[in-house]
Structure formats: structure tokens, C-alpha cells
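The values are calculated or read from the model by the stated rules, or taken from the named source; none is laboratory data. As the structure is a computational prediction, the values presented were derived from the model and not from experiment. Counting neighbours? That spans all protein chains shown, and the Cβs are built from the backbone with ideal geometry, glycine included.
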Amino acid sequence: MKIKIVYDRKNLIEELSVIKKMLPHFKKNKMYFYFPFDKHNLNEEDYIVAIIKEDEKNSALLKKIAELKKRVKIIEKNLSEYIEKNPENVFEIFNEYVCYVTMYGCYGYYRTPNKIFVNLKDKDIDFHSETIVHEIAHILLHKKIKGYPYEKKEECVDEIVEKIIKNNLNG
């Protein structure tokens with residue numbers, strides 16, 4: 001299993017409209033999110049790019065991405081070990097997961113079949129590592145928990161994340 005870390009401003013700008021659509025879900029479930037764009041200026045690319053550049057600088061984004069790229073080998077190892085030891089708990093495995101870096105939305109979310117999005121604006125490398133595991137666990141369990149309510153999905157995913165973290169995820 002490989003995790004590819006990707007940061008691309010163009011992709012990030014395109015993803016803003018998706019994140020905007022998720023805002024009601026974040027609010028309803030009392031989730032953290034950061035989204036400094038109001039509905040009137042999502043079409044103003046100069047404005048968006050200026051905010052992104054400022055957020056990149058303020059959040060030390062490039063440094064965090066470099067740290068995450070170093071940490072990803074440990075994450076891959078621990079996820080692979082969990083899957084090998086618990087094949088009955090895993091329903092969908094991919095050779096590669098693409099982790100898109102963002103500074104917007106909630107801490108993390110996923111899109112099947114194998115994409116995850118991790119918000120590096122706040123928090124530290126340990127938190128971001130756990131978020132990657134959490135989002136990949138959603139994908140691993142996707143078919144099993146598809147019809148579950150939000151809270152139940154999170155419980156199932158958190159059980160797996162806890163077991164993987166006990167396996168020294170934080171290096």
C-alpha cells in the first residue's frame with residue numbers, strides 16, 4: 001500500500017466548491033472547519049489565490065507537507081500490518097491512496113474509491129498522521145458501513161484507528 005501526498009493550488013481551487021457544499025454537514029455535526037471564502041467571491045480567482053497564499057504562509061504549509069511525506073512510510077507500514085492481521089475487518093483495499101493537502105474544510109474527508117483530503121492548516125504532524133489513517137479507514141470500511149448513520153460510521157472507523165495507533169503510528 002502506498003500513500004501519495006499531493007498539493008496543487010489548481011486542484012485546491014477546484015475543490016473549494018465541493019467543500020462549500022459540505023459546510024451544512026460540518027455545521028449539523030458540529031465539526032471543526034475552516035472556510036474563509038464567502039459565497040460571493042468563489043468565482044474571483046485573484047481573491048482566492050491571495051487567500052490561499054496567505055494561508056500557506058501562515059500555516060507553514062510547505063514545512064508540514066515535507067514532514068508528512070517523511071511520516072507517510074510509517075503510516076503505510078502500520079496500515080499494511082493492520083490489514084494483514086485483520087483481513088475480516090477490511091472490505092476495500094487499494095494499492096495507492098492519494099492524499100490531497102488542503103487548508104480548508106474539516107480536518108479530513110474522503111472520496112471513494114481512493115482519495116483522501118487532509119487539512120493541514122492547524123494542528124501538528126501526529127494529528128495529521130492520525131487523520132490520514134482515519135480517512136483511509138473510512139475507505140477500507142466503506143462498503144460495510146455505507147448505510148450507517150454518521151455517528152455509527154465514526155465509531156467503527158475510530159475502533160480501527162485506535163488499533164493502528166497503538167501500533168506506534170507516531171513513530
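Condition (residue is assigned to a helix (DSSP H, G or I) and β-branched (Val, Ile, Thr)) applied to region 57-66: is it met by at least one residue? So far as region 57-66 goes, yes, one or more of its residues are assigned to a helix (DSSP H, G or I) and β-branched (Val, Ile, Thr).
Do you know which of the residues in region 68-85 that are surrounded by fewer than 16 Cβ atoms within 10 Å (Cβ to Cβ) and touching a residue at least 12 places away in the same chain (Cβ under 8 Å) is nearest to the chain's Cα centre (by Cα)? Full working, then the answer.
Initially, region 68-85 is screened for residues surrounded by fewer than 16 Cβ atoms within 10 Å (Cβ to Cβ), giving 69-70, 73-74, 77, 80-81, 84-85.
With touching a residue at least 12 places away in the same chain (Cβ under 8 Å) added as a condition, the list becomes 69, 74, 80-81.
Working: Lys69: 14, Ile74: 16, Ser80: 18, Glu81: 20 Å.
My answer is Lys69.
For region 9-58, which positions are within 30 Å of Ser80 (Cβ to Cβ), touching a residue at least 24 places away in the same chain (Cβ under 8 Å) and out of contact with any Gly (no Cβ under 7 Å at 6 or more places or on another chain)? If the condition is that a residue be within 30 Å of Ser80 (Cβ to Cβ), touching a residue at least 24 places away in the same chain (Cβ under 8 Å) and out of contact with any Gly (no Cβ under 7 Å at 6 or more places or on another chain), then Asn11, Leu12, Glu15, Met31, Tyr32 are the ones that fit. Of all residues in region 122-139, those being acidic (Asp, Glu) and within 8 Å of the chain's Cα centre (by Cα) number 1.
Residues of region 74-120 being β-branched (Val, Ile, Thr), modelled with pLDDT of 90 or more and more than 24 Å from Lys64 (Cβ to Cβ), which ones?
Kept after step one, since they are β-branched (Val, Ile, Thr), are these residues of region 74-120: 74-75, 83, 90, 93, 98, 101-102, 112, 116, 118.
Narrowing further to those that are modelled with pLDDT of 90 or more: 74-75, 98, 101-102, 112, 116, 118.
Answer for region 74-120, where residues must be β-branched (Val, Ile, Thr), modelled with pLDDT of 90 or more and more than 24 Å from Lys64 (Cβ to Cβ): just Thr112.
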